[in-house]
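See structure below.
The values are calculated or read from the model by the stated rules, or taken from the named source; none is laboratory data. Keep in mind that this is a model prediction, so the values were computed, not measured. Here Cβ is always computed from backbone atoms with ideal geometry, including for glycine, and neighbour counts include all displayed protein chains. Ligands, DNA and RNA are stripped out before the accessible areas are found, and what is left, the full protein with its side chains, is counted by its heavy atoms. Shrake-Rupley method; radii C 1.70, N 1.55, O 1.52, S 1.80 Å.
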Amino acid sequence: SPPRPIVSIKGLEKTYASGHRALKGVDLEVHAGEIFALLGPNGAGKTTLIGIVCGLVRATAGTVIADGHDIAQDYRAARAKIGLVPQELATDMFETVWHAVNFSRGLFGKPRDHAKVEEVLRALSLWDKRNAKIGALSGGMKRRVLIAKALSHEPSILFLDEPTAGVDVELRRDMWDMVRRLREQGVTIILTTHYIEEAEEMADRIGVIDQGEIILIEEKHALMEKLGRTRITIGLK
Ligand code: ATP
């Protein structure tokens with residue numbers, strides 16, 4: 001059967017108040033159940049794109065449909081389908097792991113469900129740390145808490161904004177394993193990265209974004225061949 005689009009982005013434009021055109025008409029379809037990597041250098045527009053889809057940034061033009069809901073017309077329903085793992089580490093340092101994840105679920109209007117919170121914590125190997133203050137955890141564990149928070153309301157789509165920026169090799173492998181396990185559970189994954197190796201390791205399909213435009217969308221293997229020839233000209237690391 002043909003792939004089912006779970007995220008459909010059409011003609012997405014963003015011009016900031018400064019006049020900077022961060023997105024210049026982005027079209028993108030992400031398929032249900034895939035891992036999609038958005039690969040691009042600093043300032044390409046990755047965070048802006050995620051911000052629009054997650055309702056943190058207002059688009060100048062264009063449409064975004066997330067799991068059947070138009071974010072502009074039906075924001076709450078669309079947002080409930082989306083989990084976001086931001087670039088920064090968790091800020092609620094004095095909160096316990098359990099409370100942070102339980103609270104996050106409540107933010108999306110989901111009913112209290114302690115069994116669900118436990119399931120999420122166990123899936124991320126955080127159950128033993130449930131009573132720990134987030135500030136006392138290692139960097140790797142803090143990242144797991146961010147993922148647990150993002151999954152607390154059972155989204156069908158998970159965005160990871162540069163999930164391995166600044167993490168060591170071991171933790172990077174750990175993150176990759178976790179992301180693969182989530183996909184096996186049926187979550188569609190969209191991650192942004194600067195690293196070609198990360199896109200190559202993780203993704204089924206890769207979109208390359210540069211200066212606010214998607215310049216290539218390809219199945220991974222096809223793209224790796226092309227990038228071999230063009231990576232210098234688009235300035236990727
Ligand atoms: P990075 O990898 O550094 O996070 P990115 O691909 O996520 O980069 P964005 O953060 O989306 O890129 O930024 C895209 C462009 O928009 C950049 O040139 C940035 O300076 C600009 N930009 C981002 N936010 C704003 C803002 N609030 N006002 C004006 N310009 C902005």
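Please pick out the residue among Arg79, Arg4 that is within 14 Å of the chain's Cα centre (by Cα), away from the ligand (no atom under 16 Å from the Cβ), open to solvent by 30 Å² or more (accessible area, probe 1.4 Å) and free of Cβ contacts under 8 Å to residues at least 40 places away in the same chain.
Values: Arg4 fails: within 14 Å of the chain's Cα centre (by Cα).
When all the criteria are applied, what remains is Arg79.
Every condition in (1) loosely packed, with under 15 Cβ neighbours inside 10 Å; (2) within 16 Å of the ligand (Cβ to nearest atom) holds for Val64 except the one numbered (1). Looking across Gly43, Gly19, one residue alone is near the ligand (Cβ under 8 Å from one of its atoms), out of contact with any helix residue (DSSP H, G or I) (no Cβ under 7 Å at 6 or more places or on another chain) and open to solvent by 30 Å² or more (accessible area, probe 1.4 Å). It is Gly43.
Total residues in the stretch 22-40 satisfying the condition of being of a type in the set (Gly, Ala, Ser) and more than 11 Å from the ligand (Cβ to nearest atom): the figure is 4.
Can you say whether Thr192 is touching a residue at least 24 places away in the same chain (Cβ under 8 Å), hydroxyl-bearing (Ser, Thr, Tyr) and within 16 Å of the ligand (Cβ to nearest atom), as far as the supplied structure shows?
yes
Residues in the stretch 156-181 that are closer than 15 Å to His31 by Cα and open to solvent by 10 Å² or more (accessible area, probe 1.4 Å): Ser156 only. Taken together, the residues in the stretch 153-164 that are under 26 Å from Thr96 (Cβ atoms) and in contact (Cβ under 8 Å) with a residue 60 or more places away in the chain amount to 7.
Of all residues in the stretch 82-92, how many are away from the ligand (no atom under 16 Å from the Cβ) and open to solvent by 60 Å² or more (accessible area, probe 1.4 Å)?
Residues of the stretch 82-92 away from the ligand (no atom under 16 Å from the Cβ): 82-83, 90-92.
Of the ones still in play, those that are also open to solvent by 60 Å² or more (accessible area, probe 1.4 Å) are 91.
So the answer is 1.
For beta carbons closer than 6 Å, sequence separation of 6+ or different chains, a first residue in the stretch 106-123 that is surrounded by 14 or more Cβ atoms within 10 Å (Cβ to Cβ) and a second that is outside any helix (DSSP H, G or I) and not hydroxyl-bearing (Ser, Thr, Tyr), the qualifying pairs are Phe108/His153; Lys110/His153; Leu121/Arg130.
Lys129 satisfies every condition listed in (1) among the charged types (D, E, K, R); (2) free of Cβ contacts under 8 Å to residues at least 24 places away in the same chain; (3) open to solvent by 70 Å² or more (accessible area, probe 1.4 Å) except (2). Per this entry, Leu49 is counted among residues that are part of a helix (DSSP H, G or I), closer than 17 Å to Glu162 by Cα and within 9 Å of the ligand (Cβ to nearest atom). Pairing each residue of the stretch 52-70 that is modelled with pLDDT of 95 or more and part of a strand (DSSP E or B) with any residue that is open to solvent by less than 30 Å² (accessible area, probe 1.4 Å) and within 15 Å of the ligand (Cβ to nearest atom), provided the two are 6+ apart or on different chains, yields C-beta distances under 6 Å for Gly62/Leu12; Val64/Ile9; Val64/Val53. Screening His99 with (1) out of contact with any His (no Cβ under 8 Å at 6 or more places or on another chain); (2) touching a residue at least 12 places away in the same chain (Cβ under 8 Å); (3) within 25 Å of Asp174 (Cα to Cα) gives one miss only, at (2).
Residue by residue through the stretch 205-219, note down the ones that are within 25 Å of Glu184 (Cα to Cα), open to solvent by 30 Å² or more (accessible area, probe 1.4 Å) and at pLDDT below 95. Explain how you work it out, then say what you get.
To start, the set of residues in the stretch 205-219 that are within 25 Å of Glu184 (Cα to Cα) comprises 205-208, 217-219.
Then keep just the ones that are open to solvent by 30 Å² or more (accessible area, probe 1.4 Å); that gives 205, 217-219.
Result: Ile217, Glu218, Glu219.
All told, Val145 falls short of being within 29 Å of Asn42 (Cβ to Cβ) and surrounded by fewer than 22 Cβ atoms within 10 Å (Cβ to Cβ).
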